[in-house]
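Participant: Just dropping this structure here.
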Amino acid sequence: MYKAVIVSSLFILFASYISGCATAQQVKSVEDFPDFELENEDRVVLLGNSLIQYDQQHGYIEYALTTRWPQKDITFRNLGWTGDTVHGKARTYYTTPPGPYELLIDQLKEVEPTVVFVGYGANEAYEGEEGIPDFRQGLNKLLDDIEKMEARAVLLSPIPHMSQMLAEEELNARNKNLKLYSEVIAEVASARHIRFINLFKPFQGLDNSDQFTTDGVHLNENGYYYLASVMEDGLGLPPRKWRVEIDRARKDAKATGMATILEAQFGDEEINFTLGSQLLPLPPPDSDTVIEIQTRDFTINGLGRGCYTLSEGPADIISASAERWSEGVEIERGLLFEQANELQELIVNKNQLYFRKYRPVNRTYLVGFRSFEQGQNTKELEQLDLFITRMEDQVFQLRKPQPKVYRVHAVK
């Protein structure tokens with residue numbers, strides 16, 4: 001009798017233990033975390049391989065994050081390095097020490113991060129299943145060192161290989177490993193109770209994936225535009241959408257989403273209203289192949305027969321028939337989009353300037369083993385900080401959307 005009770009109790013304890021372990025291994029979703037928010041004076045670092053580095057050419061990741069909190073003083077540093085791994089293997093020079101990983105940590109410490117987006121796994125995935133223990137150990141070590149800096153980390157998965165040039169068998173094998181390493185990153189994030197953003201799954205679901213990379217591996221402008229929205233969604237941030245609905249007969253105007261009607265006046269010949277937008281739009285790429293991730297729709301009911309123009313300030317934006325206005329017209333131009341393009345260009349220029357400081361082409365002569373020849377010129381690298389800070393001040397001012405005055409009037 002007593003043996004049966006003991007065996008039964010042990011079985012229950014064992015089952016509870018197994019259940020607990022299984023629960024611990026479950027990957028946390030966005031809903032399991034509080035709302036993500038950057039704080040005033042945060043220094044956000046983007047760390048990883050070419051996925052991170054090549055965003056410097058477009059600035060979409062930084063743009064998406066910096067415009068979410070336009071009133072806060074938030075700065076960014078891109079420490080991406082093509083071919084890099086969690087061990088910093090690509091960050092090698094003839095100068096030793098520091099070694100590659102030590103250099104990675106030194107570079108992180110120098111920029112004093114408070115938030116680090118970590119994007120690794122693509123290069124390590126070439127090692128297949130055999131490389132997972134080393135990758136897991138290296139990722140945890142990196143996260144330990146980030147924690148020592150009192151910074152919080154956000155983990156990103158690699159994206160799938162999207163080249164149509166590979167044979168199907170080779171492409172499937174490559175993506176099998178990339179998915180496997182994505183799952184490892186998710187497990188590490190869950191075990192450490194930090195946020196994980198799955199980039200693999202959304203990109204794998206693209207129908208025309210070849211339109212989003214330059215070579216199946218590296219994202220192009222379309223790819224980074226889409227990546228920015230995937231990251232925003234993975235952080236639990238609301239979509240950059242708004243909709244304006246105007247009913248002329250009822251003299252009613254309202255906005256939903258990321259906008260607010262501040263004032264509306266209904267005249268006999270025109271409608272005037274002031275619209276406040278919480279966020280600037282993501283600047284759309286110069287391409288016909290774009291996944292629609294943000295919509296800014298105007299729906300106007302009660303207009304008489306004819307054609308009507310929507311103007312923003314002194315400039316006409318778009319004209320459409322009364323019937324089309326009643327169905328809804330999407331707006332893809334105007335002062336907010338001009339401001340968005342200007343901000344994106346400023347971010348790109350700022351990051352290129354920082355890249356010259358962070359990775360000077362003659363590093364060996366400036367800070368390496370031949371610094372005895374030109375080491376005195378390192379002061380010029382330090383002077384670049386003055387220009388970077390000045391450009392960051394301009395970013396801070398430019399990322400704030402201002403209310404816009406619109407007018408709807410008949411085309412004569």
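Participant: If you plug each phi of region 225-232 into the Karplus form 6.51 cos²θ - 1.76 cosθ + 1.60 with θ = phi - 60°, what whole-Hz ³J(HN,Hα) values come out, in order, with x for Gly and Pro?
Facilitator: For region 225-232, the Karplus-derived couplings read 4, 5, 4, 4, 6, 5, 5, 4 Hz, x marking Gly and Pro.
Participant: Right, next: Under a Cβ-Cβ cut-off of 15 Å, what is the net charge of the residues other than Val411 that fall near it, where Lys and Arg count +1 and Asp and Glu count -1?
Facilitator: 0
Participant: Net charge near Glu130, counting Lys/Arg +1 and Asp/Glu -1 over other residues with Cβ under 13 Å of its Cβ?
Facilitator: Counting the neighbours of Glu130, the net charge comes to -3.
Participant: DSSP loop (so not H, G, I, E, B), at most 15 other Cβ within 10 Å: list which trypsin sites (Lys or Arg not before Pro) in region 254-324 pass both filters.
Facilitator: Loop-located and lightly packed - Arg305.
Participant: Would you please put 345-352, 221-228, 115-122 in order of how densely packed they are, using the mean number of other Cβ atoms within 10 angstrom per residue and starting with the highest?
Facilitator: Result, highest mean first: 115-122, 221-228, 345-352.
Participant: Another question about this same structure. Output the peptides 165-171, 98-104, 76-82, 241-247 sorted from most to least packed, where packing is the average of other Cβ atoms within 10 Å over each peptide's residues.
Facilitator: 76-82, 241-247, 98-104, 165-171
Participant: Determine which lysines satisfy two conditions relative to Lys251: a Cα distance under 21 Å, and not lying fewer than 8 residues away in the same chain.
Facilitator: Within the straight-line limit of under 21 Å, Lys251 reaches these lysines: Lys404.
Participant: Among rounded, prolate and oblate, which fits region 21-234 when a ≥ b ≥ c are the square roots of the eigenvalues of its C-alpha gyration tensor, a/c under 1.5 means rounded, and a/b larger than b/c means prolate?
Facilitator: rounded
Participant: List the GluC sites (Glu not before Pro) within region 253-323 that fall in a DSSP loop (any state other than H, G, I, E or B) and whose Cβ has at most 12 other Cβ atoms within 10 Å.
Facilitator: Glu269, Glu292
Participant: Right, something else. What is the set of long-range amide H partners of Asp84 at a cut-off below 5 Å, with H atoms built 1.01 Å from backbone N?
Facilitator: Long-range HN contacts for Asp84: Ser50.
Participant: If you don't mind, another one. With θ set to phi - 60°, apply the Karplus curve 6.51 cos²θ - 1.76 cosθ + 1.60 along region 116-131 and write out the HN-Hα couplings as whole Hz, x wherever there is a Gly or Pro.
Facilitator: Working through the residues one at a time gives 10, 8, 10, x, 10, x, 5, 6, 5, 5, 5, 7, x, 4, 5, x Hz.
Participant: Next question. Can you work out ³J(HN,Hα) from phi for every residue in region 165-178, in order, using Karplus 6.51 cos²θ - 1.76 cosθ + 1.60 and θ = phi - 60°, giving whole Hz and x for Gly and Pro?
Facilitator: 7, 7, 5, 4, 5, 5, 5, 5, 5, 5, 6, 4, 5, 5
Read the figures in this text as sums done on the coordinates, not as results from a lab. Note that the structure is predicted; figures quoted are calculated from it, not measured. As a convention, Cβ positions derive from the backbone with ideal geometry for all residues, glycine included, and neighbour counts pool all protein chains shown.
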